[in-house]
1. Exceeding 29 Å between C-alpha atoms, which entries from my cross-link table qualify? They are B:Lys65/B:Lys308; A:Lys266/B:Lys279; A:Lys123/B:Lys205; A:Lys308/B:Lys319; A:Lys319/B:Lys308; A:Lys94/A:Lys205.
2. What residues have an amide H closer than 5 Å to that of A:Leu332, excluding those fewer than 5 places away on the same chain, when H is modeled at 1.01 Å from N in the peptide plane?
3. Closest to the B-onto-A rotation axis, which residue of chain B has its Cβ, and how many Å off the axis is it?
4. Peptide A:198-211: average number of partner chain Cβ atoms within 10 Å per residue?
5. Could you provide, to the nearest whole Å², the per residue accessible area of the range B:176-255 with probe 1.4 Å?
6. For B:Val236, place a label point 7 Å from Cα along the Cα-to-Cβ direction in every copy; what are the distances to the other copies, in nm, shortest first?
7. Looking at A:Val203, A:Cys182, A:Ser245, which one has the Cα that reaches farthest to the positive end of the dipole of the range A:176-256 (charges on Cβ: Lys, Arg +1; Asp, Glu -1)?
8. Non-local amide H neighbours of B:Glu89 (under 5 Å, H modeled in plane, Pro and chain starts lacking H): which ones?
Number of protein chains: 2
Amino acid sequence: MRPSLRPGLRDPSAQINARNGHGPKSRIYRRTRSAPLANYGAVEAKCVAAVQQRSQSIMHLSFVKVAIFLTVYLGVGTMCFYFVRHQLEGDKTKAVLDAVYFCVVTMTTLGYGDLVPNSTLAKLLACAFVFTGMALVALILSKAADYLVERQEMFLTKALHQKCGPIEVHKEVEPKSVRYKCVTVFILLLVLMASGTIFLATVEKFDFVDAFYCVCCTITSLGYGDKSFSTEAGRVFAVFWILASTTCLAQFFLYIAELNTQHRQKALVNLVLTREVTKVDLEAADLDDDGVVGAAEFVIYKLKEMGKINQEDVRLVMKEFEALDVDQSGTLSIKDVTLAQSS
Amino acid sequence: MRPSLRPGLRDPSAQINARNGHGPKSRIYRRTRSAPLANYGAVEAKCVAAVQQRSQSIMHLSFVKVAIFLTVYLGVGTMCFYFVRHQLEGDKTKAVLDAVYFCVVTMTTLGYGDLVPNSTLAKLLACAFVFTGMALVALILSKAADYLVERQEMFLTKALHQKCGPIEVHKEVEPKSVRYKCVTVFILLLVLMASGTIFLATVEKFDFVDAFYCVCCTITSLGYGDKSFSTEAGRVFAVFWILASTTCLAQFFLYIAELNTQHRQKALVNLVLTREVTKVDLEAADLDDDGVVGAAEFVIYKLKEMGKINQEDVRLVMKEFEALDVDQSGTLSIKDVTLAQSS
């Protein structure tokens, strides 16, 4: 009989699955810890709270970073275009306002053409700012993807330094569904479009079709330039409204793409889980070559089939496992780990 | 002693790792099949060939799909704008050419403004085309991401129907490194920029700075419109060159973002693999609750820590495992699978 590390704790959801799905079972698999354990109690509760706080602060940090980049970019851009203001031609209002407005119209690749550079210096400046502006917009949009990696990193760094244990890393924060985010962004987009149309109709005195046409030309960053913001009040509004609405539309398209990928991945998972397991599959899945396939081996095999992990991922971890398994029993126990770490 | 499904086949690369990394080992883990096996020989060789062919044909299919979408889009767009050609004002050349050119300038959100709609119908048409054009560009760019899911699906469908076995699914096609793709796209971009500058300087008679400025305004889809293609030859060139160069720049930014994410993920993997394993880790990793952590259990635990898989992925596969493990031994053998599939 093998020594148990802890009194067996059975997962109620697994029991329900076993009962409903495939008749009575005497052996039920535990889930790898993801629910708080009674015997960790207070420590874990503290950890979870710390994690939630940390998670919020990362989110906060990301936004602060983006805000700083954007401010620096617009600040430098405004200064540059203010100094070359006599080399810009077109509809002008106040010098500083025009510089900010030109900067925003350039960085979002809107390019109305109501203000255009007419000297070599101003033209090259515009070229430099449109490229860096595109990179900045890409940075803002990729923050969402990066955020996940960042969160995982923070959890780990915390686990390393505060000895809170591994539970928090494996604790799952329920992500908001993509469909929900999609709808939210779409509603925000409609609000922005409506406010833009109303503003253009009242302040810039466009008729309704022209106002709507100008809104569409702007949020898509098309910017033909036949209709644009030419009053002082219009340009102040434009600076904020253009940044918000172009980002919002881009984000909407990203979520649509994500939704599409998610649907396909779900179909793939179904395909993997419903196909018949053959003798060849069992041989291929038998990672430790003991003639039978354990639960964990089966999970790895199927996740590879779903494309979620690859051979290189498995190889790297196996290398660490071999280094830790000092007595070469094929399994890790506390003894192994203590021995490996003391040597 | 447990029955072996097959004479033990040891992976030479694992042996090398064991030898170089952590001293001599008597027990060496096999890799889950990813190299062809001698005893499958001819069948497998045929499968691999079929897979490679299939992989190419999927790639081909993706491109064909994109080409069809683009052709239909440009065809419908050209027809629409040809019919409303008297409601477009600005620099005109030939009617059909102007319609294609206007369509491309709109769908890429370039919007020079050298041709602008001046009726309600034409304005609404332009709005409709810029939105669908953006969606189409998003589709083209997301093809690369989708391609991976698609390939995995095709492999599986094939394995299901042709009984080629699971080897091909787990066979790894070495992906071209992101850095390599990044450099390739960058070189292509430079070539496109150079050809555009030379063309504008010779055919449109711009001086060098203006030609370069117009190229930068175009590939970023900025399109102020003070410099654009106004000759017939220029607009023919523009239709192809604009589509190629804007897509190329967007792809370049995508690769840069991917490179950045990859770097961060590598750092995360290192962090996970170098941190000390504790007693709490071992307890959490012990999936089948037998008091010790097997190799596969350790792999799953670490991959969760890296954020590559989550609890839901594991839960779904575990459910299938339980359904297959008819004798409830905690391991799958041929007997289990045969029994499960006959009932």
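1. Cα-Cα > 29 Å for B:Lys65/B:Lys308; A:Lys266/B:Lys279; rest within.
2. Excluding prolines and chain starts, which carry no amide H, the hits are B:Val293, B:Gly294.
3. B:Ala296, 2
4. Average per residue, whole number: 1.
5. On the way: 3400 Å² over 80 residues.
Heavy-atom accessible area per residue stands at 42 Å².
6. 5.3
7. A:Cys182
8. B:Val116, B:Asn118
The values are calculated or read from the model by the stated rules, or taken from the named source; none is laboratory data. Just so we're clear, the structure is a prediction, and the values are computed from it rather than from any experiment. Quick reminder, even Gly has a Cβ in these numbers, built from the backbone with ideal geometry, and neighbours come from all protein chains shown. Ligands, DNA and RNA are excluded from the accessible area calculation, which covers all protein heavy atoms including side chains. Shrake-Rupley method; radii C 1.70, N 1.55, O 1.52, S 1.80 Å.
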